[in-house]
1. Enumerate the lysines that LYS103 could reach by cross-link, defined here as Cα to Cα under 19 Å, with residues fewer than 8 away along the same chain left out.
2. Under the 0.36 nm per residue contour assumption, what length would be gained going from the current alpha-carbon distance of ARG134 and ALA191 to full extension?
3. For GLU77, what is the net charge nearby, where nearby means another residue's Cβ is under 14 Å from its Cβ and Lys, Arg count +1, Asp, Glu -1?
4. Taking amide H atoms as placed 1.01 Å from N in the peptide plane, list the residues 5 or more away in sequence, or in a different chain, whose amide H sits under 5 Å from that of VAL3.
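Please treat every number below as a calculation from the coordinates, not as lab data. Small disclaimer: the values here were computed from a predicted structure and weren't measured. Every residue, glycine among them, receives a Cβ derived from its backbone with ideal geometry; neighbour counts consider all protein chains shown.
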Amino acid sequence: MAVVGASPRDTSPGRAVLSNLRAAAFEGSIDLVNPRYAEIEGIKAVKTIQDLPTPPDLVVIATPPQSVPGIVKAAGERGAAAAIIITAGLGHGAGSLADGCEKAARATGLRLVGPNCLGVLSSRAKLNASFAARMPPTGDLALVSQSGAITAGLIEWSAVHGIGFSAVVSLGDMIDVDLGDLLDFFALDGATRAVLLYVESINNARKFHVGGARGSPDQAGRRGQVRAPCARRQGGADAYRRARRFRCGLRSGVSPRRAVASARPRRTVCRRRDARAGATISGQAAGYPHEWWGDRSPGRGPPR
């Protein structure tokens, strides 16, 4: 993998990412890209992505906003498979820097996580490509969040309460990889029993439904229940309501911490090897905190 924007400066996000990668004992090679330094923390740095000895599987970008679209383009042309954009302030909509990144990535097939995200963490892979304060312990709960602050807070809270994660993904502004993509991925991940989502918006309701349905509890023969939220629904609810009417159920929650607690193993969960515990959502996609939980308790069928 490659870190673009790694720096010896203590306040640099790129240095935090590099330090976390090394602290996690990442077993792959780590290449650094920074035109100002020949070496950073004992690792040789090159001036451009094109100077990398081999195409990286993953590129972490932590550079000033104006430079990000060009780096995304260069990473795609070099043959990188994916990039995590830590940088914030790329704007939104047509003509923005974020739009330039999306177009450059699409031209080469490069997948993007972010921008404006905390990063990606996986204890099993010994990967901490983020600037989070700590590496979470290994567990069977996947965390996917659009908020970097919520992600960091849940990592800290879960560590205190002994809850581990199979992976943690901070999506940020979600210009490419989105909730549906990750639901689809984790539904087929044998090390993940449940998925915890913190949702602020849903870009593609249909893909979100398909991703949730792929690993939904009705593969084990049952679906969840729905409890009508009592809070007033606000903007952005229509797409979410269309998506949630399908396979898995919803029930109201109060906080991300309760969402984590609800995703803990239950005695009534089906023990079949191919079973999935569904997903738990906490966020503001419909204007109120909520959870999405696929409950496989005996005798509980789909909502009517």
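1. In chain and number order, the partners are LYS73.
2. Details: separation 57, 0.36 × 57 = 20.52 nm, distance 2.10 nm.
The ARG134-ALA191 span can extend by a further 18.4 nm.
3. Values: positive: LYS73, ARG78, LYS103, ARG106; negative: ASP51.
So the environment of GLU77 carries a net charge of +3.
4. ASP31, LEU32, VAL33, VAL60
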